[in-house]
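Have a look at the structure below before the remarks.
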Amino acid sequence: MITTTPEPLEAAAASPTARSLRRFRANKTGLLALGMVCVLAVIAVTFFVLDTLGIPWPMDPDTTNLERKLLPPNPVNWLGTDNLGRDVFSRLLNGAYISLTVGFVAVSVSLSIGVTVGAVAGYFGKWVDNLIMRIVDAVMCFPTFFLILTAVALVGPSIFNIIIVIGLVSWTGTARLVRAEFLTLRESAYVQAARALGQRGPKIIFRHMLPNAAAPILVTAVLGVPEAILAEAGLSFLGFGVQPPQATWGNIIADGKTYILDAWWLILFPGLAILIAALSFYLTGDALRQAVETRSERQ
Amino acid sequence: MTVFIIRRLLASIVLLFFISLISFFIITLTPGSPYPWGELNPKVSEDVKRIFREKFHLDKPLHKQYGFIMRDLLTGELRSIKDERPVLAKIAERLPATLALNLGALALSLSFGLLLGVYGARYAGRSPDVITSILAFVFIALPGFWVSYLLAIGLVNYGAVPILGTHTIGVTFSNGLEVFLDRWWHVMLPASILAIGGVAVQSRFIRASMIETLREDYIRTARAKGLDENAVFYRHALRNSIRPLITGIGMLLPALIGGAVIIENIFAYPGMGRLGYEAVLERDYPTLVALNFVTAALVLLGNLLADVLYAVVDPRVRLE
Amino acid sequence: MLGIPLLLAAVTALALWTVSRVTVDKKNEMYIGSIGEPSTLNPVQAADSASGSVTGVIFNGLLKYNAGLEIVGDLAAEWKLSQRSTFFFDSAEAAILAAANLEAGGVDREALHLRRYAVEGDRLELELSLPGVGDSEKLAAKFGVAPLPVQTLSVMAPKPLEDALTRFAAEESSARVVRVWSHGNLGELVFLGAEEATRERLRVWLAERFGEEGLRIEAVQAPRFLAEPVVVFRLHDDVRWHDGAPFTSRDVKFTYEAMMDDRVASPRKPDYELVLSVETPDARTVRVVYRRPFSPALESWMTSVLPAHLLAGVPPDRWPLTFNRAPVGTGPFKFAEWKTNQFVRVARNEDYFKGLPHLDGIVFRTLPDPLTLRLAFETRQVDFWSADPWAVGSFREDERFTLFTSPSNSYNYVGWNLRRPMFQDLRVRQALAHAVNIDQMIRYILYGYGTQSTGIFTPEMWFFNPRVQPLAYDPEAARQLLDKAGWVAGEDGIRVKDGQRFAFTLITNNGNVIRSDIATLVQENLRAIGIEVTVEMYEWAVFLKRFVNQGEFDAVVLGWALGQGFDQFQIWHSSQTEPERLNMVGYRNKEADRLLESVREEFDRGEIIRQCGELQQLIYDDQPYLFLFVPEGTSVMWKDAFRVRRPGPDGTWIDEPVTMTKAGWSHYLEWFYRPEYAKEASE
């Protein structure tokens, strides 16, 4: 098959993946953002483990201490305390893994749906494509936010449900993207060849087409994480998010908003946490996109 | 073309039917009673609740309720449970404020997005581009309610600036200009927060589109002809990059209506988002169903219009 | 390309500059902010507090509370209570004998409120100056002949009854029907004879006409004689509606009919179901007869009166489009405009029957976000703010503000679902009460603005029992009680009985900081005595529909906001434990049932205080709830914003700062004035 590959000559020097990696490494902002994402991941995993083992560090995020309520940042409570005297710093660190879990799992849900739907539509084309895309249109017609609100009210605001609901309403973009990729790919020589050799649909989709669409899907995934985190925060703000006493960045702000004029630290720090996390993911995603974009190499 | 429009219209009606069906079931299956008085009101007896359920057909099986709601909706007779006013009138009442807010946000995100995007594309890869890029991502990453709160506190505590509603209440202005500026401010404040994300998205979109266009053959030709770089950039590349942007506006509609909930609440702005949000909280089923239906209809119509316009503008596109 | 963004930015900057220079609150108006939007301005249909505060200044009731929470006339200049008690005998002779014995018995007419009596056929009718059952029973004891017991059946039919009961009464021969009443689907049959047999015949008779489904016939706990309280209202004769039409007794009768009309779906209907008739002998007089003593009835005439001349000819389903959005009342302020989701503006009623209000108008603004509502208050865009407890301190220290702090008529509690075996043991409930540190809650959640609750009434109510002793915080006592009840410490520190761990879920609604704090502290307090509590929060509508109303919960944090009335039948009576009813914890106590029933029929103040006191002690001893605290509410006002200049006795005027009354700071709202407009106000 090598002889039939229509890649330009320089391809011989390195694989596309290696080139993408090289380009990514050259992007300082992207590297920095990726580093930040890794730090967040480490924090999340660490506190997930600590929480599971029941080790309260730096303090137990759920233990109240009424004598020390609503204290501004101080040497003991670095980021102050909330209305029940709980340590904001500890709650923030513990909230990290919930918020990030919401981000990652919701994206996985939306990716699975989006990729499947998009792949089926793009691969089969014709009336299948037409039907599926009309359904996608229909889903896009719903005012997403009301849909989320009603759905959360319907199934209850557990972490699991919120993840599912956010995932369920955010797959349409991925589906459209994958469909577009597939519509192009199905005309490509090697898919035509595979078809001529009598391979069946699922095999072609998963063996040949999906790997070739992996790069844009990865980018969508990374860009989807912060969107899910922000969506959870917005839901929490309206009281539809993950419920206290479980801390997430969103509901620390939601709880703290009542005290905002008397205790600014309750919303400033979690807000910054959301901002930094979302920004890191967006910049990483953008750097990834630049690195895998084939056309930009001609620049 | 006429055949295409008729076919799409018919398809849209079928689609609308399914949308209304799905949204009706999601909405009515949501637990909660739509009683307009507090549920835990010791004064309200079973008898009163029964009368109320009968009045709004809530005692009927779901498929019949759906029938009643759709019949009333299409004849314009559908009433809100909260205040028993026709829901279409309630939606229409919010339209001016919602339009002002969303047009304001749209104008801001398009104009500033264009500015930032073109600036980024002009200096692609160099430090101005990097800075605007990061700025754009900071904008997207900001939680809207967080910014609103910080801004509200800042404006009120340090400037005693009125920020609530559609205009300052309790003041007589000396002239029409002041009245206009007052209203302008009350629209533009929430609109700018709403537009923060939009600016970022649009600027990224335009930047990418510009860079793409600059690689096209006719740009190379123009450059080869020795045209001034600024002329190439602003006259040829820019014009061709904006076109897809215009058709994409239609898709923004549902997001704009839904996305304004939090900001309308904070700034006490009487828009469509608040209507929907309050309807969710109060389980005002008719209002919610109607709101979903009207939005969906508008979006479908918008999509159709965009397609038709595209065909009119671009002779290469043929509608079948 | 640069032009448009620059222009947008420049105009916005100019606008910002303009609005930052305006100073608000310069008009002679009052600005009130509320989180919620009024749903309707029809006082008969509204049930939310946002609607109530607006309709409160547009309309008047026949009666109202004065500053000391006593009932006084509003649209009614005066009113009089009495009762007609009718006893039935075997024969006319027996009735005459009973009357003679009563005369000879030497009763203290004064003490038993007896005015006069008369015999009519086999009936003896007494007229008393105070409604109630007790006096009549004492008088009946002197009869010497036993009157025939009167039976009462209530009917709830699937369709409107119309004259079905009258026809049944005519056809029925074995029982003697002495009264029928029906309204819509509800009806009542009062008769002499065997209860069981008549009920069965009535059931068969009605089932033939309406079908079995939805038909409910129940015996009513009612006096064994006809006891019909009568209220006569004498109306003010100089009152006009805002459109100039005169206010008459016809309006009152119309309002009663509207509240009973199913098409109006008034949440106040239950207050009027015991009314037998509303008569209007002349334009100034309204005579209301009740089917039996119902002491909360008097308060029900505080409901606003609707204008018959505008509404009588209009079908109620048109009201939401017209009257409910632009009401016409008799009150100190006239409706002016309603901008949905923004504000309702009312303007001074130049023709108000109690005098000219000082303010030009009041603007009720809807500001849905608590933070921006507070910001609006701090920048004087609204004049009042219901302060959050944690913010009260800083306002109290600030000279520029006046604070009105008063105990609320509400209390917070943790309700134990008594259907759950673990909560059925009284010792367990007492242990739970001892284990929770309520003082700490009051100190840290309410910042000291509250007192411990000692049961179903709050200290400000006139029938409150101050002798009920609260259970003290005593974890040691709690542990001992649990040990005694058989709950002993298990391996993981959680108590166990018969292999079951003492673990339960405590639920509450989200968005209420005080309730979620209570839940968290209860969780901590109970962990200390070996009980595991999981806290879950739900959105209000879901919380009610799926859990509370269905009785599907272990324990719940909630609060009751009570009116001034003492009737808590719906909350505590054992008949109210079904799904969707308010006795959601499933409390059943025969003695409590008896008290709840009898106090509703009592008009004597002393007797009400005695019975309510007994009821409060009884329920507190049973601990179906963990009664937590009665919070105090604090409203803040800019000190220089308003003063009060109100009519005093004998045509004088009293000028004073805004002060707290038992009925709240806003009791004299129509007499508030802005000092900068004082000259105009004194004219």
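The values are calculated or read from the model by the stated rules, or taken from the named source; none is laboratory data. The model shown is predicted, which means the values in this text are computed figures rather than measured ones. Using ideal geometry, Cβ is built from the backbone for each residue, glycine included, and neighbour counts are taken over all protein chains shown. Surface areas here come from the heavy atoms of the whole protein model, side chains and all, with no ligands, DNA or RNA. Shrake-Rupley method; radii C 1.70, N 1.55, O 1.52, S 1.80 Å.
Tabulated results
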item: For A:Thr258: the one exception among (1) among the polar types (S, T, N, Q); (2) more than 12 Å from every other protein chain (Cβ to nearest Cβ); (3) open to solvent by 20 Å² or more (accessible area, probe 1.4 Å); result: (2)
item: Test result for C:Gly52, within 14 Å of chain B (Cβ to nearest Cβ), surrounded by fewer than 19 Cβ atoms within 10 Å (Cβ to Cβ) and assigned to a loop (DSSP other than H, G, I, E, B); result: no
item: Helices (runs of 4 or more DSSP H) within the range C:586-683 that include 3 or more residues of a type outside the set (Lys, Arg) and surrounded by 15 or more Cβ atoms within 10 Å (Cβ to Cβ); result: C:590-599, C:605-622
item: Pairs with Cβ under 6 Å, 6+ apart, first in the range B:44-60 and under 13 Å from B:Ile81 (Cβ atoms), second polar (S, T, N, Q) and assigned to a helix (DSSP H, G or I); result: B:His57/B:Gln65
item: Odd one out for A:Glu232, checked against (1) closer than 30 Å to C:Asp517 by Cβ; (2) surrounded by fewer than 24 Cβ atoms within 10 Å (Cβ to Cβ); result: (2)
item: Hits in the range C:257-292 - residues which are open to solvent by 10 Å² or more (accessible area, probe 1.4 Å), within 14 Å of another protein chain (Cβ to nearest Cβ) and assigned to a helix (DSSP H, G or I); result: C:Pro270, C:Asp271
item: Subset of the range C:342-373 (residues that are part of a loop (DSSP other than H, G, I, E, B), within 14 Å of chain B (Cβ to nearest Cβ) and within 29 Å of the chain's Cα centre (by Cα)); result: C:Gln342, C:Leu367, C:Pro368, C:Asp369
item: In the range C:389-410, residue nearest to the other protein chains (Cβ to nearest Cβ) [restricted to those that are open to solvent by 30 Å² or more (accessible area, probe 1.4 Å) and in contact with a helix residue (DSSP H, G or I) (Cβ under 7 Å, 6 or more places away or on another chain)]; result: C:Trp390
item: Verdict on B:Ala136 being away from chain A (no Cβ under 12 Å) and part of a helix (DSSP H, G or I); result: no
item: Within the range C:113-132, considering residues that are in a loop (DSSP other than H, G, I, E, B) and in contact with a Phe, Trp or Tyr (Cβ under 8 Å, 6 or more places away or on another chain), the one surrounded by the most Cβ atoms within 10 Å (Cβ to Cβ); result: C:Pro131
item: Counted residues, the range C:179-202 - those being outside any strand (DSSP E or B), open to solvent by less than 50 Å² (accessible area, probe 1.4 Å) and either within 18 Å of C:Gln221 (Cα to Cα) or of a type outside the set (S, T, N, Q) (or both); result: 6
item: Residue count for the range C:217-256, restricted to those that are part of a strand (DSSP E or B) and either within 14 Å of another protein chain (Cβ to nearest Cβ) or within 30 Å of C:Asp122 (Cβ to Cβ) (or both); result: 10
item: Verdict on B:Arg223 being at pLDDT below 75, touching a helix residue (DSSP H, G or I) at 6+ places or on another chain (Cβ under 8 Å) and of a type in the set (Lys, Arg); result: no
item: Candidates C:Glu110, C:Glu78 - the one that is open to solvent by 40 Å² or more (accessible area, probe 1.4 Å) and touching a Lys or Arg at 6+ places or on another chain (Cβ under 7 Å); result: C:Glu78
item: Count of residues meeting criterion [surrounded by fewer than 23 Cβ atoms within 10 Å (Cβ to Cβ) and hydroxyl-bearing (Ser, Thr, Tyr)] in the range C:40-49; result: 1
item: Verdict on C:Asp567 being among the acidic types (Asp, Glu), open to solvent by 10 Å² or more (accessible area, probe 1.4 Å) and within 14 Å of chain B (Cβ to nearest Cβ); result: yes
item: Matching residues, the range C:358-384, being among the basic types (Lys, Arg) and either closer than 26 Å to C:Gly511 by Cβ or free of Cβ contacts under 8 Å to residues at least 60 places away in the same chain (or both); result: C:Arg365, C:Arg374
item: Top-ranked residue in the range A:177-205 [being among the β-branched types (Val, Ile, Thr) and open to solvent by less than 40 Å² (accessible area, probe 1.4 Å); ranked as nearest to the chain's Cα centre (by Cα)]; result: A:Val178
item: Filter pass, A:Ile252 being aliphatic (A, V, I, L, M), closer than 29 Å to A:Ser20 by Cβ and assigned to a helix (DSSP H, G or I); result: no
item: In the range C:133-152, the residues that are surrounded by 16 or more Cβ atoms within 10 Å (Cβ to Cβ) and out of contact with any helix residue (DSSP H, G or I) (no Cβ under 6 Å at 6 or more places or on another chain); result: C:Val133, C:Gly134, C:Asp135, C:Ser136, C:Leu139, C:Ala140, C:Pro147, C:Leu148, C:Val150, C:Thr152
item: The range A:225-252, residues that are within 12 Å of chain C (Cβ to nearest Cβ) and not small (Gly, Ala, Ser); result: A:Leu235, A:Phe237, A:Leu238, A:Phe240, A:Val242, A:Gln243, A:Pro244, A:Pro245, A:Gln246, A:Asn251
item: Residue in the range B:139-183 that is most open to solvent (accessible area, probe 1.4 Å), counting only those that are away from chain A (no Cβ under 14 Å), of a type in the set (Gly, Ala, Ser) and within 26 Å of B:Arg94 (Cα to Cα); result: B:Gly176
item: Boolean, C:Ser34 is at pLDDT below 85 and more than 7 Å from chain B (Cβ to nearest Cβ); result: no
item: Residues of the range A:44-78 classified as among the small types (Gly, Ala, Ser) and either more than 14 Å from chain C (Cβ to nearest Cβ) or surrounded by 11 or more Cβ atoms within 10 Å (Cβ to Cβ) (or both), total; result: 1
item: Residue within the range C:12-20 that is more than 14 Å from every other protein chain (Cβ to nearest Cβ), open to solvent by 10 Å² or more (accessible area, probe 1.4 Å) and either outside any loop (DSSP other than H, G, I, E, B) or touching a residue at least 12 places away in the same chain (Cβ under 8 Å) (or both) present; result: no
item: Criterion: within 30 Å of B:Val280 (Cβ to Cβ), of a type outside the set (Asp, Glu) and within 14 Å of chain B (Cβ to nearest Cβ) - qualifying residue of A:Gly173, A:Gly167; result: A:Gly173
item: Condition broken by A:Val242, with the remaining ones in (1) touching a Lys or Arg at 6+ places or on another chain (Cβ under 7 Å); (2) in a loop (DSSP other than H, G, I, E, B); (3) crowded, with 21+ Cβ neighbours inside 10 Å satisfied; result: (1)
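Let's see how each residue does on (1) more than 30 Å from B:Pro31 (Cα to Cα); (2) within 14 Å of another protein chain (Cβ to nearest Cβ):
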{"position": "C:His573", "(1), (2)": "no, yes"}
{"position": "C:Arg588", "(1), (2)": "no, no"}
{"position": "C:Glu601", "(1), (2)": "yes, no"}
{"position": "C:Asp604", "(1), (2)": "yes, no"}
{"position": "C:Gly648", "(1), (2)": "yes, no"}
{"position": "C:Leu669", "(1), (2)": "yes, no"}
